[in-house]
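*Asks:* Structure in structure tokens, see below.
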Amino acid sequence: MIIILMGVSGCGKTTVGKKLAGQLGWIFQEGDALHSEKNIEKMSSGTPLSDIDRKPWLHSISQWIDSHCRSDTNGVISCSALKKSYRLKITTNKDNIHLVYLRGTKELLLKRLTQRTDHFMPPDLLTSQLHILEEPGADENVLVLAIDRLPGDIVSSIRDSLGLH
């Protein structure tokens with residue numbers, strides 16, 4: 001099983017992902033680590049990524065997922081997956097994939113982003129991410145969870161919803 005934690009920057013994908021993978025004894029992959037140096041430099045300078053910039057990154061995410069599906073290795077990966085087309089690219093023709101959308105208000109997300117010091121993504125890119133975000137619809141079978149709770153509570157909700165006891 002692969003769990004993809006998705007959402008804009010600051011929603012807690014990494015925090016929740018590490019905690020979830022740790023509890024389950026699964027592999028965790030930080031999706032941002034699969035970005036090219038060029039993309040990281042671009043975002044660090046405050047420039048939003050384009051679809052063209054994201055294409056090789058999404059390919060890397062998809063390859064990671066494919067590799068773990070083929071080897072039947074359980075894992076958790078973080079990926080903003082802001083557009084439906086991105087989600088389709090990383091999930092199509094793959095079995096046992098579960099998308100979890102971590103949803104928060106702009107105010108809460110901005111508060112989190114301004115408080116963190118260990119990430120290349122500047123808070124002013126939040127607006128551009130929210131602008132291109134296509135929230136998952138019912139046709140995508142995505143678990144949607146509010147982020148205004150403790151990470152442990154969110155992890156418990158994911159485990160309960162997916163039957164991971």
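*Asks:* Taking interchain pairs and intrachain pairs at least six residues apart, which have beta carbon atoms under 6 angstrom, with the first residue in the range 62-88 and in a loop (DSSP other than H, G, I, E, B) and the second surrounded by fewer than 14 Cβ atoms within 10 Å (Cβ to Cβ)?
*Replies:* LYS83/GLU134
*Asks:* Same structure again: For the range 12-33, check the following and say yes or no: at least one residue is surrounded by fewer than 16 Cβ atoms within 10 Å (Cβ to Cβ) and more than 16 Å from ARG159 (Cα to Cα). Even if it seems obvious, please write down each step before you answer.
*Replies:* So the first thing to find is which residues in the range 12-33 are surrounded by fewer than 16 Cβ atoms within 10 Å (Cβ to Cβ), and the list is 22-23, 25, 27, 30, 33.
If we keep only those that are more than 16 Å from ARG159 (Cα to Cα) as well, we get 30, 33.
Yes - at least one qualifying residue is present in the range 12-33.
*Asks:* Restricting attention to the range 13-29, does a residue exist that is over 16 Å from the mean Cα position of the chain (by Cα), over 20 Å from PRO151 (Cβ atoms) and in a helix (DSSP H, G or I)?
*Replies:* Taking every residue of the range 13-29 in turn, none turns out to be over 16 Å from the mean Cα position of the chain (by Cα), over 20 Å from PRO151 (Cβ atoms) and in a helix (DSSP H, G or I).
*Asks:* Further question: Looking at LEU102, LEU58, LEU110, LEU49, can you tell me which residue is touching a residue at least 60 places away in the same chain (Cβ under 8 Å), surrounded by 13 or more Cβ atoms within 10 Å (Cβ to Cβ), in contact with a helix residue (DSSP H, G or I) (Cβ under 9 Å, 6 or more places away or on another chain) and not in a strand (DSSP E or B)?
*Replies:* Step by step, each of LEU102, LEU58, LEU110, LEU49 is checked, and only LEU110 is touching a residue at least 60 places away in the same chain (Cβ under 8 Å), surrounded by 13 or more Cβ atoms within 10 Å (Cβ to Cβ), in contact with a helix residue (DSSP H, G or I) (Cβ under 9 Å, 6 or more places away or on another chain) and not in a strand (DSSP E or B).
Conditions tested, residue by residue: (1) among the β-branched types (Val, Ile, Thr); (2) modelled with pLDDT under 95.
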position: ILE52; (1), (2): yes, yes
position: ILE61; (1), (2): yes, no
position: GLY75; (1), (2): no, no
position: SER78; (1), (2): no, no
position: ASN93; (1), (2): no, yes
position: ASN96; (1), (2): no, yes
position: LEU102; (1), (2): no, no
position: LYS106; (1), (2): no, yes
position: LEU109; (1), (2): no, yes
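*Asks:* Testing ILE40 on (1) closer than 30 Å to LEU150 by Cβ; (2) buried (at least 18 other Cβ atoms within 10 Å of the Cβ); (3) among the hydrophobic types (A, V, I, L, M, F, W, C); (4) more than 14 Å from the chain's Cα centre (by Cα), one condition comes back false. Which one is that?
*Replies:* Among (1) closer than 30 Å to LEU150 by Cβ; (2) buried (at least 18 other Cβ atoms within 10 Å of the Cβ); (3) among the hydrophobic types (A, V, I, L, M, F, W, C); (4) more than 14 Å from the chain's Cα centre (by Cα), the lone unmet condition for ILE40 is (2).
The values are calculated or read from the model by the stated rules, or taken from the named source; none is laboratory data. Remember, it's a predicted structure, so these values are computed and weren't measured experimentally. Positions of Cβ are backbone-derived with ideal geometry, glycine not excepted, and every protein chain shown enters the neighbour counts.
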